[in-house]
Amino acid sequence: MLSMGLLLIRVVIGVIFAAHGAQKLFGWFGGFGPKGTGGWMESLGIKPGVAAAVAAGLVELLGGLAFAAGLFTPIAAVLLSLTMIMAIVKVHAPNGFWNTAGGYEFNLILIVVLIGIALTGAGNYSLDALL
């Protein structure tokens, strides 16, 4: 049952991250693609914006897929956590804690889930278990 629970958590969180990466990279799911996301990132002081958007998009897309599959799970978790830390620092921290006010509550939950899975392992239903 533990491995099933870990699989459920990994797949849902990983697919959500992958979808956010696709928003940044391809403009899918209502995203703005590299240029739109890059322009927004530059408005936050992250330069060059397009390169940062592509980098963040790649980490989210590939890291999310790896996390979902349980492939190199600790590495994927750390990279995804770093993107959430950057989101907190650059976007959410000034808004306080609560997500309803644009705060960092949700980002913190994601970081805890990512690191929790990295520390416990991906479970038996993962590519890490096969390797």
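Taken over the stretch 105-131, the criterion of being surrounded by 15 or more Cβ atoms within 10 Å (Cβ to Cβ) and not in a helix (DSSP H, G or I) is satisfied by 121, 122, 123, 125, 126. The set of residues from the stretch 1-38 being open to solvent by 40 Å² or more (accessible area, probe 1.4 Å), assigned to a helix (DSSP H, G or I) and over 19 Å from residue 84 (Cα atoms) comprises 2, 4, 7, 8, 26, 28, 29, 30, 35.
Number of residues in the stretch 42-78 that are of a type in the set (A, V, I, L, M), over 13 Å from residue 115 (Cα atoms) and open to solvent by less than 10 Å² (accessible area, probe 1.4 Å) equals 1. I'm trying to understand the selection: among the residues of the stretch 79-104, which are touching a Phe, Trp or Tyr at 6+ places or on another chain (Cβ under 8 Å), open to solvent by 40 Å² or more (accessible area, probe 1.4 Å) and not small (Gly, Ala, Ser)? Once the filter is applied, which keeps residues that are touching a Phe, Trp or Tyr at 6+ places or on another chain (Cβ under 8 Å), open to solvent by 40 Å² or more (accessible area, probe 1.4 Å) and not small (Gly, Ala, Ser), the stretch 79-104 yields 92, 95, 97, 99, 104. Among the residues of the stretch 69-84, those that are assigned to a helix (DSSP H, G or I) and either over 11 Å from the mean Cα position of the chain (by Cα) or over 15 Å from residue 10 (Cβ atoms) (or both) comprise 69, 73, 74, 75, 82, 83, 84.
The values are calculated or read from the model by the stated rules, or taken from the named source; none is laboratory data. Note that the structure is predicted; figures quoted are calculated from it, not measured. All Cβ positions, glycine included, derive from the backbone under ideal geometry; neighbour counts span all protein chains shown. Quick note on the areas: whole protein, heavy atoms, side chains included, nothing else; ligands and nucleic acids left out. Shrake-Rupley method; radii C 1.70, N 1.55, O 1.52, S 1.80 Å.
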